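Asker: Before I ask anything, let me first share the structure, which is written out below as structure tokens.
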Ligand code: C6P
């Protein structure tokens with residue numbers, strides 16, 4: 001449903017945070033890969049929830065609890081439809097991608113990974129998709145194997161058939177890299193992993209933001225993503241999983257809401273999705289996530305993707321003018337999402353980001369929770385500009401101007 005022309009200048013007006021001065025300059029927010037700003041529609045949904053409906057879900061038999069439960073479950077249905085899940089019971093609310101990945105590593109991994117088994121991940125992963133598998137591998141005596149990357153930060157898949165074998169139990173791979181913006185050929189790896197009987201989880205923290213996700217078409221077994229990077233409140237995320245896998249998994253945490261019957265020595269579990277949602281959940285966050293999905297659906301992912309690509313192309317072209325500029329990641333636009341990781345001459349990335357900040361330009365500097373990627377390129381950190389639906393060419397122009405000043409200072 002794309003009725004209106006995509007206009008980022010109109011879209012910007014929906015985001016109150018963007019309408020402020022930082023150090024006396026208009027804000028150019030280019031740290032979207034870390035978290036996005038929130039549209040008024042999401043802020044209104046949070047206010048409305050707390051002002052009218054606030055209660056605990058599924059518990060009280062009273063009007064407010066009924067409303068809170070409806071809001072919470074309707075949001076689950078919206079998110080389920082957004083990713084084309086077969087049913088909303090396959091959508092588990094979590095506090096973010098990190099929790100979704102840890103849930104699978106523990107609840108699925110501890111029961112299915114044994115000594116001598118292998119887990120395949122990639123050098124491109126965020127720490128959230130490395131560390132849980134290291135913990136699991138250590139606890140179960142399993143081995144971690146890695147898909148390596150080339151000098152453009154793309155997976156090297158020539159030896160995929162030897163990386164995958166009958167001992168591979170789990171393959172955990174990112175859809176889009178947060179450190180370089182690489183769009184990974186996940187489908188090829190999913191198909192190869194399934195041929196050896198491995199289970200696949202896709203870290204969609206960046207993929208769900210910048211691509212149109214259809215979990216059924218993608219064919220993975222699990223897909224993990226965060227709401228806060230796609231206009232929803234912080235502390236929101238999803239683990240989508242195939243029903244048959246979720247059904248036979250042990251719970252991740254024990255507590256209220258996830259049980260059926262509790263007796264002295266043992267308990268039985270609630271049906272999906274509640275088996276994985278122990279304790280009072282982030283109800284307002286879920287309602288806000290539903291509002292975010294409504295907002296994005298109204299604008300349409302096609303327009304958002306096309307806009308981000310155009311902005312990315314413009315930014316790459318303009319940044320190439322700056323002396324000493326070194327951009328990491330794929331050269332082909334096809335293989336790249338709206339993230340530009342770079343270094344500039346001898347300037348430390350923290351100095352780059354501090355100088356830009358004085359001009360009201362927000363970028364991230366550091367290892368981006370991807371130390372293996374940094375090591376691969378022989379740097380300890382990079383600066384990173386990342387774009388979203390409300391960024392405009394003027395943000396890029398100001399970034400380029402600010403980087404020109406950095407180049408003059410450090411040149
Ligand atoms: N990346 C960034 O600035 P959480 O924090 O749980 O919402 O998401 C973790 C995560 C997992 N995988 C990828 C690919 C990610 O990009 C992130 C979050 C942020 O790049 C914060 S480090």
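Values quoted throughout were computed directly from the atomic coordinates according to the rules given, and no laboratory measurement underlies them. Predicted model only: the values in this text are computed from it and were never measured. For neighbour counting, all protein chains shown are included, and Cβ atoms are generated from backbone atoms with ideal geometry for every residue, glycine included.
Asker: What order, most packed first, do the peptides 222-235, 295-308 have when packing is the mean number of other Cβ atoms within 10 Å of each residue?
Answerer: Working: 222-235: 26.2, 295-308: 17.4.
Ranking, from highest mean packing down: 222-235, 295-308.
Asker: With a 10 Å radius around each residue's Cβ, average the other Cβ atoms per peptide and rank 374-384, 187-197, highest first.
Answerer: With the highest mean Cβ count within 10 Å placed first, the list reads 374-384, 187-197.
Asker: A follow-up question, please. Once you have the Cα-Cα distance between residue 375 and residue 331, take 0.36 nm times their residue separation minus that, and quote the gain in nm to one decimal.
Answerer: Numbers: separation 44, 0.36 × 44 = 15.84 nm, distance 1.97 nm.
Stretched fully, the residue 375-residue 331 segment lengthens by 13.9 nm.
Asker: Of the beta bridges DSSP finds with both residues in the chain, what % are antiparallel, to the nearest 5?
Answerer: Looking only at bridges with both residues in the chain, the antiparallel portion is about 60 percent.
Asker: Need the C-alpha centroid separation for region 323-389 versus region 87-112, integer Å.
Answerer: Each part's Cα centre sits 30 Å from the other's.
Asker: Ranked highest first by average number of other Cβ atoms within 10 Å, how do 29-37, 322-330 line up?
Answerer: Those peptides, ordered most packed to least, come out 29-37, 322-330.
Asker: Additional query: With each run of n ≥ 4 DSSP H residues scored as -39500 (n - 2.57), what mean residue ellipticity at 222 nm is computed for the chain after dividing by its residue count and rounding to the nearest 500 deg cm²/dmol?
Answerer: Result for the chain, helices only: -11000 deg cm²/dmol.
Asker: Related question: So for the pair residue 25, residue 280, with labels modelled 7 Å out along Cα→Cβ, what separation do we get in nm?
Answerer: Placing both labels 7 Å beyond Cα along the Cβ direction yields 4.4 nm.
Asker: Next up: For residue 357 and residue 74, compute 0.36 nm times the residue count separating them, minus their Cα-Cα distance, and round to one decimal in nm. List each step's numbers first, then the result.
Answerer: Working: separation 283, 0.36 × 283 = 101.88 nm, distance 3.97 nm.
Result for the pair: 97.9 nm of gain on full extension.
Asker: Taking neighbour counts of Cβ atoms within 10 Å as a proxy for exposure, in what order, fewest first, do 74, 19 appear?
Answerer: Lowest count first: 19, 74.
Asker: Between residue 216 and residue 165, what is the spin-label point distance in nm, taking each point 7 Å from the Cα along the Cα→C-beta axis?
Answerer: 3.7 nm
Asker: Another question, if that's okay. Using 17 Å as the cut-off for backbone N distance, which residues of region 1-43 belong to the label zone defined by a point 7 Å from the Cα of residue 306 along Cα→Cβ?
Answerer: 1-11
Asker: In µm²/s, what is D for region 142-283 at 4 °C and 1.567 mPa s, where D = kT/(6 pi eta Rh) by Stokes-Einstein and Rh is the Kirkwood radius from Cα pairs?
Answerer: On the way: Rh = 17.1 Å.
The diffusion coefficient I find is 76 µm²/s.
Asker: Please state, to two decimals, what the Cα-based radius of gyration of region 35-165 comes to when divided by 2.2 N^0.38 Å (N = residues). Provide the component values of the computation, followed by the final result.
Answerer: Numbers: Rg = 20.4 Å, N = 131, 2.2 N^0.38 = 14.0 Å.
Ratio of Rg to 2.2 N^0.38 Å for region 35-165: 1.45.
Asker: From the mean inverse distance of alpha carbon pairs (Kirkwood) and the Cα radius of gyration, derive Rg over Rh for the chain.
Answerer: 0.98
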